[in-house]
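Report on the following structure.
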Protein chains: 4
Amino acid sequence: MPVRKPVLNPPFNVVRASHVEIGVCDLARSRAFYVDCLGLLVTEETADAIYLRAVEERNHHSIVLHRSREPMVHALGFKVASEEDLDRAAFWFGRKNLPVSFREPPYQGRTLRTADIFGMPLDFCFRMDQAERMLQKYAAYQGARIQRIDHLNCFTPDVQASYDFYSDIGFKLTEYTETDDPDPRLWAVWLHRKGNVHDLAFTNGSGPRLHHVGVWTASALEILHICDVMATCGYVANMERGPGRHGISNAFFLYVRDPDGHRVELFTSDYLTVDPDLEPIRWSLRDPQRQTLWGHPAPKSWFEEGSVFPGVAVREPVLAAQPIVAR
Amino acid sequence: MPVRKPVLNPPFNVVRASHVEIGVCDLARSRAFYVDCLGLLVTEETADAIYLRAVEERNHHSIVLHRSREPMVHALGFKVASEEDLDRAAFWFGRKNLPVSFREPPYQGRTLRTADIFGMPLDFCFRMDQAERMLQKYAAYQGARIQRIDHLNCFTPDVQASYDFYSDIGFKLTEYTETDDPDPRLWAVWLHRKGNVHDLAFTNGSGPRLHHVGVWTASALEILHICDVMATCGYVANMERGPGRHGISNAFFLYVRDPDGHRVELFTSDYLTVDPDLEPIRWSLRDPQRQTLWGHPAPKSWFEEGSVFPGVAVREPVLAAQPIVAR
Amino acid sequence: MPVRKPVLNPPFNVVRASHVEIGVCDLARSRAFYVDCLGLLVTEETADAIYLRAVEERNHHSIVLHRSREPMVHALGFKVASEEDLDRAAFWFGRKNLPVSFREPPYQGRTLRTADIFGMPLDFCFRMDQAERMLQKYAAYQGARIQRIDHLNCFTPDVQASYDFYSDIGFKLTEYTETDDPDPRLWAVWLHRKGNVHDLAFTNGSGPRLHHVGVWTASALEILHICDVMATCGYVANMERGPGRHGISNAFFLYVRDPDGHRVELFTSDYLTVDPDLEPIRWSLRDPQRQTLWGHPAPKSWFEEGSVFPGVAVREPVLAAQPIVAR
Amino acid sequence: MPVRKPVLNPPFNVVRASHVEIGVCDLARSRAFYVDCLGLLVTEETADAIYLRAVEERNHHSIVLHRSREPMVHALGFKVASEEDLDRAAFWFGRKNLPVSFREPPYQGRTLRTADIFGMPLDFCFRMDQAERMLQKYAAYQGARIQRIDHLNCFTPDVQASYDFYSDIGFKLTEYTETDDPDPRLWAVWLHRKGNVHDLAFTNGSGPRLHHVGVWTASALEILHICDVMATCGYVANMERGPGRHGISNAFFLYVRDPDGHRVELFTSDYLTVDPDLEPIRWSLRDPQRQTLWGHPAPKSWFEEGSVFPGVAVREPVLAAQPIVAR
């Protein structure tokens, strides 16, 4: 049986998915997309980087754009509960013979850079500079009125292995997709720390690669509006999938591609998962309403394309099973 | 040039598209769809018919379901401004050698049954029984919370001929689609009487057939909710297209098929067109945002399937030009 | 009986309430309010005037702000159906011994300036310069995302007299408030030309004065958002009443005061009234849900304050009856 | 300084406010209110009790209505993280000389009944029967489409003492109101366990009494709709305050009174608070936007009326300071 009990006392305390550093080829072009179109707020801007946050966020940044020669994702960032948790995490990763180093990136505290078993780079930190609270500066709400970063979704070559790894450090399963074999195999998992459907998800595919960064909006109308804006500002080709309702997670979603091809999910309306005895929900890989409750299949690109991590080899998935794809 | 000046003093005064009589094979099955799922109100019910109205409507019925051996549409119904307009209309249709007869259908006044040049059956009446005002009985709002009938959209074998015919009786053009030929030809027209984008629309195709009945909701959220309801009540296959935003008309739409295959559009957010000098908006048939601002092409069924009128021969369209179709 | 039959063939054809010219003391301050906060679009700007329109409007302006020593309203503007209707209107007003003159204001065609029986200045015109269509330039949607001007609401010293006057020129009654006397008297009327609840309304009070300009938004969420924006941009004191739901008209509303005290209603969700046999809805002056369906009484200022017309004497109302007012 | 550091390793682990048992005088009358009007789902019904849950909840009940001679609240219910946490809690309360007993109420596991320092009855349990997942049974969404219980808000005679007590067992401060004295005193506190603004709040007043049960909806439109429903179903007098936006918590709210006078808050749109270093937000008692961002003061009843606990003496508040109240 591939589903395990949650680890209630993990070796260190991850609070939530908190930030992501993205390499983009043209900062001005990316600024036009993330700031002028999607409406994220600029906390800070340098010659080589733009630090973005959403209207609810008091932490200095949740998405950092770095000037880069190639599109890539530098690391997935997580907040831990204390400085001590960083040392506990370093100890745990070190014992697994995974790379461990500390940095002090701008605007955030001591940061542990490590990697998971497939080499996916992870950053953990506790402290971050605090920025002005904008939640009640409503005149600053623009574009999709994004409120906060929500989750990171990744391709992994082995969903069961990734699930086991992150379960060990306290990530809890909320929903999952299995093959319909007599001996079913995990095809995708949704894992959380903060109390909603996910902070981190894994889908079977060539990986490790980042599938998307998920950001949260207050209602579906914000997402319909950004569809209208994108469609009439030259970004119609950047609208990859949706809007629609996922069967899994119940999220109302829109997937967009940034100018470098990095994928962002705008979503709303999942549910509370803080109960430790919450029963994970099982979906069959062949259930057409798993992907989209309303029956629309996802495009092929959505299942195949993702963002690479610098210097990390991408492996073929162990599972050949395929979901339903449009065209 | 295919676009004409509006006829400001038509031979009789049509107020709006007001009702439609639909033949369905199983009244109970259709009741489950229109009432239990979509949320229309039942004004009256007999062994052979169900009279439906929406929450804003004080007229007795806007959609009438008749028990029928085959799915069909009996007639498209329009309200005129007075009893005298019925006589003027009868005179006008008679002079065109089109069939003219008067009936007194249940719950409505004297009704002129006639037909257009392609034989499409038309009903005109002025009086209809009045029903209880439900607009402020909010507990009765169910399903898609449909407020009113809005328009009737038809396939015609000759858009230019249909446009000319209905222009003569005062229908005004708001938007249209042309081919990109050096000598462009009309491919679709949106015509109104009541002051929004349309009461009546024609698309090039085998006809005359009814493409859909359009009903209006107060916001896009009502349409997203009915997607969720349909998708989880066994009607996922009845969701043919959308939700999405039309380039033409700016409407936010969902097209659904009733149990007999009749098509209903739930829509919201078009605009006011009462100005007599309103300039019609031209769209190229090849513009992908014409159909869906967000770029999703419509399915083939949407361009090909429609409801027949009893005993009316369906002709092939004069134009072979084709829009962009999914798959 | 104070309610009359509608005049179906009026002496000239008014299409709708189309524009209003407002005198303001500080153009920059008013621009901050109407443009930066409410989100109206600037079509043109001169040293002495700002021409505004809403996102749906293709006519050059619907609200014109003129630099003025005192706050005032220059005239209420209506669109007629043709140039000939202007001559018919001039003839009709002239025969009533009301003042008649023609002007050619900037950006609009020949314009009839006249007045009603209480001296309220009225402008009628047919032609106006056309501006870029912004309805599908969604990036330009700001603030309350106002779509169009909807109506003009006025205090009159004699509701019955105003109602009789405007009925004669084709305005049709949709809803009205009466006193509960054995011989009931009209206390307020809602009159339309364009097919929704009103283009013009009159309330018993010291007049003639403009009570408010009504502008239309696509949904209640736009109105909730502008509440948040105003409340956090220094305009909390400008929020006079609402948000709430009117019993009368079913409108969801917010009343705001501009920097000169002129009142603007942002509203949505009334209903279609094009049927010539539409039965007007009667409300008792003492019905608490007439004002606000949810039971909140309006503040005293809402019943007492209004914008004056230059040089027009304000008379005391003939009716002393009072509505329910918030303590 | 009245604000303390959060206790990160509390003596037992409370997950969230999870349920409340309410005594009502007429079960049928309360069922009409909670089920037929507000739209809560009935999980179970006996001669003496109705067990209710909201559409997202898989736990058997979140609001239990018990037939009672007098209106009262039996206990505030919290979910803990494990069975062992119940024993730890019993030990902790016992050492404080607070009453401790265990029960096995219907449909839930072993339940600790205890009380806080002012005698407010508290229930803690870990296990509860699981009910059918309704989140994606959209046809069951009715009324306000309430998704889940969110929080419990209480009057306390001593906010500082209550704050200190609940801080000791791990409740974390998110926002608070202070007097403007040179030596400011706490007037209200918002405390959470589950990661949003609150599970438990205390306001200065005669107590202990329950001020309200807070339930969460997906968007403000659900709340506007239930206003319309209540206002037209005989419940207009039950609408005590709102709709509006709180400055504190940023919640969009509506306060309603059930047929016995128990208060329910329908609310949406607060924010994520899982970060352990989240800085609590301070509000001055005299800030008019604290209560309602839009400036509407709350009615007197809202500050004075609450639900009593059986046999628990109500004490006068230690603080005489008063907020702004509607005249």
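The values are calculated or read from the model by the stated rules, or taken from the named source; none is laboratory data. Quick caveat, the model's predicted, so the values are computed rather than measured. Cβ: placed from backbone, ideal geometry, glycine included. Neighbour counts: every protein chain shown. Ligands, DNA and RNA are stripped out before the accessible areas are found, and what is left, the full protein with its side chains, is counted by its heavy atoms. Shrake-Rupley method; radii C 1.70, N 1.55, O 1.52, S 1.80 Å.
Considering the Cα trace of the range C:201-327, what is its radius of gyration and what is Dmax, both in angstroms?
Cα only, the range C:201-327: 15.4, 47 Å (Rg, Dmax).
Once you charge only the Cβ atoms, +1 for Lys and Arg and -1 for Asp and Glu, what is the size of the charge dipole of the range A:209-305 about its Cα centre, to the nearest 20 debye?
On the way: 9 positive and 13 negative charges, 74 e Å.
Using Cβ point charges on Lys, Arg, Asp and Glu, the range A:209-305 gives about 360 debye.
Can you tell me how the range B:104-240 classifies by the Cα gyration tensor, rounded, prolate or oblate, using a/c under 1.5 as the rounded cut? Provide the component values of the computation, followed by the final result.
Working: a/c = 2.10, a/b = 1.32, b/c = 1.58.
Oblate, since a/c reaches 1.5 and b/c is not below a/b.
Find the chain B residue whose Cβ sits closest to the rotation axis that carries B onto D, and give that distance in whole Å.
Nearest to the symmetry axis by Cβ: B:L221, 3.
Which residues' amide hydrogens lie under 5 Å from the amide hydrogen of D:N13, considering only partners 5 or more residues apart or on another chain, with H built in the peptide plane?
For D:N13, whose amide H was placed from the backbone, the distant partners under 5 Å are D:A81.
About the Cα centre of the protein assembly as shown, what is the dipole size in debye to 20, counting +1 per Lys and Arg Cβ and -1 per Asp and Glu Cβ, all else neutral?
Values: 144 positive and 168 negative charges, 2 e Å.
Here the protein assembly as shown has a charge dipole of around 0 debye.
Among the listed pairs A:K172/D:K5; B:K79/B:K300; D:K79/D:K172; C:K5/C:K300; B:K137/D:K300, which are separated by more than 24 Å between their Cα atoms?
Numbers: A:K172/D:K5 28 Å; B:K79/B:K300 33 Å; D:K79/D:K172 16 Å; C:K5/C:K300 34 Å; B:K137/D:K300 30 Å.
Result: A:K172/D:K5; B:K79/B:K300; C:K5/C:K300; B:K137/D:K300 exceed 24 Å.
Once you've got the GNM for chain B with C-alpha springs shorter than 10 Å, pick whichever of B:P157, B:P317, B:P182 has the biggest mean-square fluctuation.
Comparing B:P157, B:P317, B:P182 in a Gaussian network model of chain B, the most mobile one is B:P182.
Which net charge results for the neighbourhood of D:S82, defined as the other residues with beta-carbon distances under 15 angstrom from its beta-carbon, given Lys and Arg at +1 and Asp and Glu at -1?
Working: positive: A:K5, A:K172, D:R16, D:K79, D:R88, D:R110, D:R127, D:R193; negative: A:D275, A:D277, D:E83, D:E84, D:D85, D:D87.
Net local charge, D:S82 excluded: +2.
Which net charge results when you count Lys and Arg as +1 and Asp and Glu as -1 among the other residues whose beta-carbon is under 13 Å from that of A:R67? Don't skip to the answer; put the middle values down first.
Values: positive: A:R29, A:R31, A:R69; negative: A:E21, A:D26, A:E45, A:D48, A:E70, A:D260.
Once positives and negatives cancel, what remains is -3.
Please list 3J(HN,Hα) in residue order for the range A:276-289, calculated via the Karplus relation 6.51 cos²θ - 1.76 cosθ + 1.60 where θ = phi - 60°; whole Hz, with x for glycine and proline.
Going residue by residue, I get x, 9, 4, 7, x, 9, 9, 10, 7, 4, 8, 6, x, 7 Hz, with x marking Gly and Pro.
Which net charge results when you count Lys and Arg as +1 and Asp and Glu as -1 among the other residues whose beta-carbon is under 13 Å from that of D:K137?
On the way: positive: D:R53, D:R58, D:R133, D:R145; negative: B:D228, D:E56, D:E57, D:E132.
For residues surrounding D:K137, the net value is 0.
Can you tell which of B:P106, B:P243, B:P259 shows the greatest fluctuation in a Gaussian network model of chain B with Cα springs below 10 Å?
Ranking B:P106, B:P243, B:P259 by mean-square fluctuation puts B:P106 first.
From the label point of D:P2, set 7 Å along Cα to the beta carbon, how far off in nm is each other copy's matching point, shortest first?
Label-point distances to the other copies, shortest first: 5.4, 5.4, 7.4 nm.
Search the structure for amide H atoms under 5 Å from the amide H of C:E44, placed 1.01 Å from N in the peptide plane, and list their residues when 5 or more places away or on another chain.
C:Y51
Indicate the gyration tensor shape class of the range B:23-142 (rounded, prolate or oblate), computed on the Cα atoms with a ≥ b ≥ c the square roots of the eigenvalues: a/c under 1.5 is rounded; otherwise a/b larger than b/c is prolate and the rest oblate. Each step should come with its number before you reach the end.
Working: a/c = 2.71, a/b = 1.53, b/c = 1.77.
Oblate, because a/c is 1.5 or more while a/b does not exceed b/c.
Using Cα pairs closer than 8 Å and at least 6 residues apart in sequence, work out the relative contact order for the range A:1-77, in percent. Each step should come with its number before you reach the end.
On the way: 122 pairs, mean separation 30.6, N = 77.
Relative contact order of the range A:1-77: 40 percent.
Under 5 Å between amide hydrogens, which residues at least 5 positions from D:G77 or on another chain qualify, with H placed 1.01 Å from N in the peptide plane?
Those lying under 5 Å, H to H, from D:G77 are D:S18, D:H19, D:V20, D:E21, D:D123.
7 Å along Cα→Cβ for the label point: how many nanometres lie between A:V42 and each equivalent label in the other copies, listed shortest first?
Those label-point separations list as 2.2, 5.9, 6.1 nm.
Report the semi-axes of the equivalent ellipsoid for the range D:94-172 in whole Å, largest first, where each axis is √(5λ) for an eigenvalue λ of the Cα gyration tensor. Kindly include the intermediate steps, with their values, before the conclusion.
On the way: eigenvalues 194, 72, 20 Å².
Here the semi-axes work out to 31, 19, 10 Å.
Hey, with R₀ at 30 Å, roughly what FRET efficiency would A:V325 and D:K137 work out to, going by the Cβ-Cβ distance, to 0.05?
Numbers: r = 28 Å, r/R0 = 0.93.
Plugging the Cβ-Cβ distance into 1/(1 + (r/R0)^6) gives 0.60.
With contacts defined as alpha carbon pairs under 8 Å and 6 or more residues apart, what's the relative contact order of the range A:152-229 in percent? Can you show the working numbers first?
Numbers: 130 pairs, mean separation 30.5, N = 78.
Relative contact order here is 39 percent.
Starting from the coordinates of the alpha-carbon atoms of the protein assembly as shown, obtain the Kirkwood hydrodynamic radius over all distinct pairs and give the value in Å to one decimal.
Values: mean 1/r = 0.0303 Å⁻¹.
Kirkwood hydrodynamic radius for the protein assembly as shown: 33.0 Å.
Which distances, shortest first and in nm, link C:S301 to the matching position in the other copies, using label points set 7 Å out along Cα to C-beta?
2.7, 5.2, 5.7
If you take the square roots of the eigenvalues of the alpha-carbon gyration tensor of chain D and sort them as a ≥ b ≥ c, do you get rounded (a/c under 1.5), prolate (a/b over b/c) or oblate? Please list the in-between numbers first.
Details: a/c = 1.45, a/b = 1.07, b/c = 1.35.
Here chain D falls in the rounded category.
Could you grab the relative contact order for chain A? Cα pairs under 8 Å, six or more apart, rounded to a whole percent.
Numbers: 812 pairs, mean separation 60.5, N = 327.
Here the relative contact order equals 18 percent.
Could you go through the range A:166-179 in sequence order and give the Karplus-derived ³J(HN,Hα) for each residue, using 6.51 cos²θ - 1.76 cosθ + 1.60 with θ = phi - 60°, rounded to whole Hz, and x for Gly and Pro?
Residue by residue, the range A:166-179 yields 6, 4, 4, 9, x, 6, 10, 6, 10, 9, 7, 10, 10, 6 Hz.
Do any chymotrypsin sites (Phe, Trp or Tyr not before Pro) in the range B:42-145 lie in a DSSP loop with no more than 15 other beta carbon atoms within 10 Å, and if so, which? Can you show the working numbers first?
Values: sites: B:Y51, B:F78, B:F91, B:W92, B:F93, B:F102, B:Y107, B:F118, B:F124, B:F126, B:Y138, B:Y141; in loops: B:Y107, B:F118, B:F126, B:Y141.
Sparse-neighbourhood loop chymotrypsin sites (Phe, Trp or Tyr not before Pro): none present.
Count the DSSP beta bridges whose two residues both fall in the protein assembly as shown, then state the antiparallel fraction as a percent rounded to the nearest 5. Please report the intermediate quantities before stating the final value.
Details: 220 of 312 bridges.
Percent antiparallel among DSSP bridges in the protein assembly as shown is about 70.
What are the ³J(HN,Hα) couplings of the range B:209-219, residue after residue, when phi is run through the Karplus curve with 6.51, -1.76, 1.60 and θ = phi - 60°? Round to Hz, x for glycine and proline.
Values per residue, Gly and Pro as x: 9, 7, 7, 6, 9, x, 10, 9, 10, 6, 8 Hz.
Can you give the helix-only mean residue ellipticity at 222 nm for the protein assembly as shown, where every DSSP H stretch with n ≥ 4 adds -39500 (n - 2.57) and the sum goes over all residues, rounded to the nearest 500 deg cm²/dmol?
Numbers: 24 runs with 196 residues, N = 1308.
-4000 deg cm²/dmol, from helical runs alone.
For the range A:246-296 and the range D:4-42, what is the centre-to-centre distance using only Cα atoms, to the nearest Å?
Using only Cα atoms to place each centre, the spacing works out to 28 Å.
Which of the residues in the range B:273-306 lose at least 40 Å² of accessible area when you go from the chain alone to all protein chains together (probe 1.4 Å)?
When all protein chains are present, B:V274, B:D275, B:P276, B:D277, B:I281, B:Q289, B:L293, B:W294 each give up 40 Å² or more of accessible surface.
Using the Cα centre as the reference, give the magnitude of the dipole from point charges on the C-beta atoms of chain B (Lys, Arg: +1; Asp, Glu: -1; all else neutral), rounded to the nearest 20 debye.
Values: 36 positive and 42 negative charges, 19 e Å.
Value, rounded to 20: 100 debye.
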